Amino acid sequence: MQGTAVALAQPEALRNSHRNAGIPLRPDAFESIQVNLSAVERRAATLPTRRTVKKEYQAAWLVKALTCIDLTTLAGDDTPGRVQRLCAKAKRPLSDALLKGLGLEDAPPTVGAVCVYPTMVPAAVKALKGSGIPVASVATGFPTGLTPLPQRLEEIKYAVGEGAGEIDIVINRALVFDQEWQALYDEVAAMREACGEAHLKAILATGDLKTLRNVYKASMVSMQAGVDFIKTSTGKEDVNATLPVSLVMLRALRDYGEETGYRVGFKPAGGLKTAKDAMNWLILMKEELGRPWLEPDLFRIGASSMLADIERQLEHFVTGRYSATYRHPMA
């Protein structure tokens with residue numbers, strides 16, 4: 001790969017040619033589902049060991065992972081200045097020296113999106129103008145999702161009105177615990193409508209859902225209601241993205257696609273920090289869903305610190321030496 005350009009799909013706004021239009025609620029598609037926990041854990045445990053990706057192949061996979069990152073800042077002390085600096089990193093995540101060493105000067109990769117709070121959307125839109133990188137905004141009372149529904153819908157409309165092309169909503173977990181599928185479906189469908197042309201990612205907060213059956217059911221209801229992505233976590237739960245939970249969500253996604261013909265994307269978020277994490281989830285996507293789900297229109301990684309470790313690994317590939325983490329700041 002050194003000195004040889006690598007063809008990479010550029011992360012434009014979500015470009016799945018046929019958005020998930022949703023279907024009427026069908027509880028029969030998920031009510032009787034059973035999940036074998038031991039089998040799921042065995043399958044998840046073997047995924048990272050079944051493939052060995054080394055040298056130039058590993059570098060290429062890591063560049064691919066970089067293009068799927070939703071570079072995120074969701075801190076209580078966010079400022080427009082911080083967001084602008086993050087956007088600069090999103091547009092140029094790799095140094096000129098690394099681009100030259102990787103043969104990517106003519107096609108420098110960028111991240112998949114920049115994800116911020118609604119009030120930070122204008123700053124992100126301005127900073128990313130002309131880059132082709134979409135702005136994603138969390139909404140609907142993130143991270144709990146417990147504000148009144150009219151307020152959650154207005155928050156979506158505000159973010160879209162300010163220029164967000166993607167909306168990451170969070171579902172009301174109480175509706176899952178009480179098995180109130182019609183109520184959950186209606187809420188998510190209303191959020192889909194409020195998004196208009198913006199794409200909708202549904203955060204299931206899987207660490208709060210307690211069982212893998214709940215994870216599967218919440219995934220199916222959200223997809224039936226018309227979401228474009230299902231996402232594991234807010235990053236604020238005690239347990240965030242894990243391979244077993246992700247595997248169950250991908251099986252739900254595959255089942256829904258076989259039934260309806262719609263491709264729905266997947267986004268793990270929370271707790272993914274290293275280049276190894278990126279490799280593990282790329283392998284999961286490739287093994288379970290195939291090559292199309294390695295592109296940013298169907299796969300995103302919610303992370304920020306992961307980018308620095310990917311840079312370190314790529315620098316090691318190019319130079320043979322590991323650099324200090326402080327040499328790869330986020331902004």
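The values are calculated or read from the model by the stated rules, or taken from the named source; none is laboratory data. Only a predicted model underlies this, so the values are computations on that prediction, with no experimental measurement involved. So basically every Cβ, Gly included, is an ideal-geometry build from the backbone, and we count neighbours across all protein chains shown. Areas reflect the complete protein model, heavy atoms only, side chains present, ligands, DNA and RNA absent. Shrake-Rupley method; radii C 1.70, N 1.55, O 1.52, S 1.80 Å.
Counting heavy atoms of the protein chains only and a 1.4 Å probe, report the per residue accessible area for the chain as a whole number of Å². Spell out each step's value before the answer.
Details: 13580 Å² over 331 residues.
In whole numbers, the chain has 41 Å² accessible per residue.
How large a share of the accessible area of the chain, in percent, is made up of carbon and sulfur atoms when the probe is 1.4 Å and the other protein chains stay in place? Could you put the intermediate results ahead of the total?
On the way: 6940 of 13580 Å².
Here it works out to 51 percent.
Where in region 87-119 does the amide nitrogen come within less than 18 Å of the point 7 Å from the Cα of R321, taken along Cα to Cβ? Label zone hits: 95-102.
Of the peptides 318-325, 297-304, the order by per-residue mean of other Cβ atoms within 10 Å, starting with the highest, comes out as 297-304, 318-325. Amide H to amide H distances under 5 Å link V170 with A139, I203, where only residues 5 or more positions off or on other chains count and H is placed in the peptide plane. Projecting the Cα atoms of V121, P148, W181 onto the dipole axis of region 115-205, where Lys and Arg carry +1 and Asp and Glu carry -1 at the beta carbon, places V121 farthest toward the positive end.
Report the calculated FRET efficiency for T260 and A45 (r = Cβ-Cβ distance, R0 = 30 Å), to the nearest 0.05. That pair, T260 with A45, gives E of 0.45.
What is the sum of charges around G320, taking Lys and Arg as +1, Asp and Glu as -1, for the other residues whose C-beta is under 14 Å from the C-beta of G320? Show your work: numbers first, answer last.
Working: positive: K55, R312, R321; negative: E56, E315.
Result for the neighbourhood of G320: +1.
The packing ranking of peptides 133-143, 194-204, highest mean first, is 133-143, 194-204, where packing means the average number of other beta carbon atoms within 10 angstrom of each residue.
Among the helices of the chain, none built from whole DSSP H runs has Cα atoms reaching 30 Å or more along its own axis together with a mean Kyte-Doolittle hydropathy of at least 0.5. For the pair S95 and Y57 in one chain, pulling the backbone fully straight at 0.36 nm per residue adds 11.7 nm over the alpha carbon distance.
Rounded to the nearest 20, the size of the Cβ-charge dipole of the chain about its Cα centre is 1080 debye, with Lys and Arg at +1 and Asp and Glu at -1.
Here, region 177-331 has an Rg and a Dmax of 17.0, 56 Å when only alpha carbons are counted.
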